[in-house]
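Let me begin by presenting the structure, written as structure tokens, before commenting on it.
The values are calculated or read from the model by the stated rules, or taken from the named source; none is laboratory data. These figures come from a predicted structure and were not determined experimentally. So basically every Cβ, Gly included, is an ideal-geometry build from the backbone, and we count neighbours across all protein chains shown. In case anyone asks, the SASA skips ligands and DNA or RNA and just uses the protein heavy atoms, side chains included. Shrake-Rupley method; radii C 1.70, N 1.55, O 1.52, S 1.80 Å.
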Amino acid sequence: VDQWRFFQMLNHYLHRPELMAGQKLCRIPIHAMEWMIACYYTPHDATIRELLSKKGLLPVAAVRRTSLDDVADATNLPLRVIRRHVENLSRVYNSFEDHRSGYQQCVFDYLLYSYKFTPHLAARYTCLLFLFHSSFKIPPTVKKTKGALGSLLCSD
């Protein structure tokens, strides 16, 4: 119960990581903050693969629950996890779209500064933002694209 209340208190700061360092609820070491942000924002590869195979899920203005149910069924992940991934991706996507000044801003640096992402997570989100911004679409479950998609998502 205490852990759930602690998560609810910090959830606002996880949505806006730049505010997390200045919060006064509790003292959290820098490495623990980085770990919490990385755990909260790191999407599953299967979720990304399914989102890329479905057209029009990002940016999320009004995602139908049936679309997310389909993604949850295909990935064998709970619906709340899928919803969090979609909300995180659309939050970062919309934030970047709102704050960029033309195409001159470096996406990687923006994610490091604004979201306090680790370099690995910032590189991954940079690739994801490019794929979603350019409306990149893949076949849902083709074995040949699974290997290629891993390198596109900047994963090790």
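Here r is the Cβ-Cβ distance between LEU19 and SER134 and R0 is 30 Å; the resulting FRET efficiency, rounded to 0.05, is 0.45.
Between HIS31 and SER95, residue separation times 0.36 nm minus the direct Cα-Cα distance comes to 20.6 nm.
Using a probe of 1.4 Å on the protein chains alone, the accessible area found for MET9 is around 100 Å². Using a 1.4 Å probe on the protein heavy atoms only, what accessible surface does GLU34 show? Give it in Å² to the nearest 10. The accessible area comes out at roughly 90 Å².
Computed across the stretch 1-58, the Kirkwood hydrodynamic radius from all distinct Cα-Cα pairs reaches 13.3 Å.
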